[in-house]
Every structure is written in C-alpha cells, then in structure tokens.
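Undergrad: Dumping the structure here so I can ask a few things about it.
The values are calculated or read from the model by the stated rules, or taken from the named source; none is laboratory data. In this text the structure is predicted, and so the values were computed from the model without any measurement. Heads up, the Cβs are rebuilt from the backbone with ideal geometry, glycines too, and the neighbour counts pull from every protein chain shown. Accessible surface areas use protein heavy atoms only, side chains included; no ligands, DNA or RNA. Shrake-Rupley method; radii C 1.70, N 1.55, O 1.52, S 1.80 Å.
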Amino acid sequence: MPQLRRDPVIGRWVIVSTERAKRPNDFARPKEEPPDDRCPFCEGRESETPAEIFALREGEPTPNSPGWQVRVVPSIAPVLKIGTYINRYGRGLYDAMSGLGAHEIIIESPQHIPNMADLSTEQIEKALSATKERIVDLDNDPLFKYTLYFKNYGKAAGASSIRHSHSQLIALPVNPKRVKEELRGAKRYFDYKERCIFCDIISQETGTKERIVFESDNFLAFCPFASRFPFETWILPKKHSADFDKIEESIIIDLARALKATLMKLKRVLNDPPYNYILHTAPYRTPKRGHWRTIDEDFHWHFEIMPRLSGVAGFEWGSGFYINSIPPEEAAKYLRKTKVQL
Ligand SMILES: [Zn+2]
Ligand SMILES: [Zn+2]
C-alpha cells in the first residue's frame, strides 16, 4: 500500500510509493515506448489492459471487446490503491495515512490518435461525458474527498510511454492543496462581495476582450491575467456552477468545442507542444465535514491548460513565484487570431 505523508510545515500531502520503490538506475534510463502498432489502448487489444470499469458502447454491450467509443480502465501502475479502510497515524510529529484512492485511465478514442486536439468534437464530447460519469460514481465511495481529472500529453508533460490519447482520474482521501488554496481565495472574495470571483473574472474578460482565446455559447477560454506559464489558458463555463459533474449533458458538446479549439490553437501556434490540463471542481461534500455553506455559490469549476514550454527552475521552486516570458495579452492575441476548423 502506498503512503500519504503530510509535510508538517505547510501541510502539503505527498504520495510515497513503497512497494514500487525504484532504484537510482530506473530514473536514469529513458523508458521504452511500445511501437504504435502494438498499442494496448487501441481497439482490438482490450485484453492487454486490466478489465474495464466503464465504457461507452452502442448496441449490445460486451465488456472488454471491440465496439467501444470511450473506455475506462484501472491504471496498471496506480499511485493510490482501492481499499476499504484508511489507517491514519502519527510518527512523532509526522502524520501519515494509508495511500487509499482510485487511479483510472480514460482511453479517449478507439483509434490510435495521440493528441486530443485531433479527435473530433463529438469524440471529445464522449470522453468528457465518460469522465463526468466516473467522477459521479467515485463520489459514492465515502472515503474519497476529491477526484482530480488531468491529462499529460508528451514526454515533457509527464506522459507515460503510451502515446494513444488518454487522460487520468485520481480519487483522493484528502483535498489537494492547490484546490484548497483556490477554494479559500474564492470564499474570501465571496465573504466580502457576495459574488463569485470567477463570474466577475468572466464579466471583466468578456468586457476587455484582450485575453480571450475562444468564446462559445456556454464557455469562455482565456489567458489568465496572472498566467504562470506562457500560453496558459483557462476554460470556464459562463453560467455559474461549482461542480463539473453537474454539467448538463446538452452543453458537454459546447465544452468539447471550446477544449478542441483551444488545444488545436496551441498545437498550431506552438508546433504540437507537450501540455497538461487539469480540472478544478468543488470537492465531494455530502455528508463530509468541514465544508462551508456557500461553496455552491463561491466556487466555479474550470479547466487549466498549460503547455510545457519551459521547466520549473530554481527560482520557482524556491519562491513559489513563476516567471512568465510572454504577457498573457500577447499569448491570447496569437491564439485568438489562429483560425481552426472545428
Ligand atoms: Zn493506440
Ligand atoms: Zn461563478
């Protein structure tokens, strides 16, 4: 069982894998990529992954066989493991707990297409819809406080050796520090102004327009005012909502459109860069303790997309500051004027 260890100074949790402990050599060797024609995520190779947890199929469903559109399988190298009981303990001043959680892989297409930007809007809609289903289902486990949905594309973004388009879900027994910081900041603003800070950001950005990348009926993509990374882009629903998993089915296609447009623009402008995206949504909360009454009003779910153009260097590591070499207004201008076919 992996372990969750808490940094006693700033309260950040770290997952330490105990049984998959590596030797120094494992870090030095580049990982081998399976050739694309032996990809375990391609349709027809269902037996090469663990049994599926969920799949979108048309017609008579036969699990773990071809004919699917989106497939969700457990990770073969889970960072956290499914279990029924969390063992919390202290060792002197250090706090730890058993590394309980779920780690799932969403295979976003039956075809071997590496970049999500190249999937059709309809296919991205299906992938997002499957993701929503899984986040809703993982909420049924009372041990989980949060499910983080994210994607790593390209080696520099930490992607695995399998190039086939996929993203990941990790359900956690604690709330991530980054999410907590956002929740607290949003609550502070709400306590003071009785308005959602993200809704206010949307109205300001649609007013000035200088940082907008793409706008659709229901979503806004823009480079945030204090972008940490060059070409960092966020996508927010224009209508206030704290929880991604409450998104109406009818507007998932519009989210797929905004996501595809943004990813295609990044691909075009930056020549197919590695990137990460993450979803920040409100934590699971019924009937769990410690959540505030206004969370439905003060938090607003969103995607953060980060092309990985430069590594995090010493100054960032030491200070928590980021150095961004291009103003978001400039980045947004390049992305906005790049036309893409949806
Ligand atoms: Zn494949
Ligand atoms: Zn809002």
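Undergrad: If each Cα of the chain is one equal point scatterer, what is log10 of I(q)/I(0) from the Debye formula at q = 0.09, 0.10, 0.12 Å⁻¹?
TA: For the requested q values the scattering log ratios are -0.51, -0.64, -0.95.
Undergrad: Tell me, what is the percent relative contact order of the stretch 40-133, built from C-alpha pairs under 8 Å that lie six or more residues apart?
TA: This gives 28 percent for the stretch 40-133.
Undergrad: If exposed chymotrypsin sites (Phe, Trp or Tyr not before Pro) are those in a DSSP loop with at most 16 other Cβ within 10 Å, what is the longest stretch of the chain that has none?
TA: Numbers: sites that count: Tyr85, Phe225, Trp292, Phe321, Tyr322.
Result, exposed sites excluded: 86-224.
Undergrad: What lysines does Lys239 reach when the alpha-carbon gap must be under 21 Å and sequence neighbours fewer than 8 apart in one chain are set aside?
TA: List returned: Lys132, Lys187, Lys193, Lys209, Lys260.
Undergrad: Net charge near Phe229: determine it from the other residues with C-beta under 12 Å of the C-beta of Phe229, scoring Lys and Arg +1 and Asp and Glu -1.
TA: Cβ neighbours under 12 Å give a net charge of -1.
Undergrad: How many nm is it between the label spots at Ser319 and Tyr189, if each spot is 7 Å from the Cα in line with the beta carbon?
TA: About 2.4 nm separates the two model spin labels.
Undergrad: Loop by DSSP (not H, G, I, E, B), at most 10 other beta-carbon atoms within 10 Å: where is the longest site-free stretch of the chain for trypsin sites (Lys or Arg not before Pro)?
TA: Longest stretch, sites excluded: 32-288.
Undergrad: Same structure again: Two-decimal Rg/Rh of the stretch 211-342 from alpha-carbon positions, Kirkwood Rh?
TA: Dividing the radius of gyration by the Kirkwood radius yields 1.01.
Undergrad: Bin width 5 Å, origin at 0, all Cα-Cα pairs of the stretch 107-251: what percent of pairs per bin?
TA: 2, 7, 13, 17, 21, 20, 12, 5, 1, 0
Undergrad: How long are the semi-axes of the equivalent ellipsoid of the stretch 151-193, taking √(5λ) for every eigenvalue λ of the Cα gyration tensor, in whole Å from largest down?
TA: Taking √(5λ) for each eigenvalue gives 33, 12, 8 Å, largest first.
Undergrad: I'm a student and want to see the number: the projected area of the Cα convex hull of the stretch 118-185, averaged over all directions, in nm².
TA: Details: hull surface 24.7 nm².
Mean orientational projected area (the stretch 118-185, Cα hull): 6.2 nm².
Undergrad: Any idea of the accessible area per residue across the chain, 1.4 Å probe, to the nearest Å²?
TA: 51
Undergrad: Between Asn64 and Lys209, how many nm apart are label points set 7 Å from Cα along the C-beta direction?
TA: So the label points at Asn64 and Lys209 sit 5.5 nm apart.
Undergrad: Right, here's the next one. Please work out the C-alpha center-to-center distance from the stretch 301-342 to the stretch 46-88 and express it in whole Å.
TA: Computed from Cα coordinates, the inter-centre distance equals 33 Å.
Undergrad: Summing -39500 (n - 2.57) over the DSSP H runs of n ≥ 4 in the chain and dividing by its residue number, what mean residue ellipticity at 222 nm do you reach, to the nearest 500 deg cm²/dmol?
TA: Details: 8 runs with 94 residues, N = 342.
Estimated from H runs of four or more residues: -8500 deg cm²/dmol.
Undergrad: With +1 on the Cβ of every Lys and Arg and -1 on the Cβ of every Asp and Glu, and nothing else charged, how large is the dipole of the chain about its Cα centre, in debye rounded to the nearest 20?
TA: Working: 50 positive and 46 negative charges, 250 e Å.
That gives a dipole near 1200 debye.
Undergrad: Here's a follow-up. Taking 0.36 nm per residue of separation and subtracting the Cα-Cα distance, what length does fully extending Asp200 through Ile86 add?
TA: 37.1 nm
Undergrad: Using only the Cα atoms of the stretch 12-147, each taken as one equal point scatterer with no solvent, compute I(q) by the Debye sum, divide by I(0), and report log10 of the ratio at q = 0.22 Å⁻¹.
TA: These q points yield log10 I(q)/I(0) values of -1.37.
Undergrad: Moving to a separate point now. Once label points are set 7 Å from the Cα along Cα→Cβ at both Lys337 and Val16, what is their separation, rounded to one decimal in nm?
TA: My value for the distance between the label points is 5.3 nm.
Undergrad: With a 1.4 Å probe and every protein chain kept in, tell me what percent of the accessible surface of the chain is carbon plus sulfur.
TA: 52
Undergrad: Something else now. Please give me the summed charge of the neighbours of Asp95: other residues whose Cβ is under 10 Å from its Cβ, Lys and Arg +1, Asp and Glu -1.
TA: +3
Undergrad: Report the paramagnetic label zone for Arg293: residues of the stretch 189-221 whose backbone N is under 14 Å from a point 7 Å from Cα along the Cα-to-Cβ axis.
TA: 191
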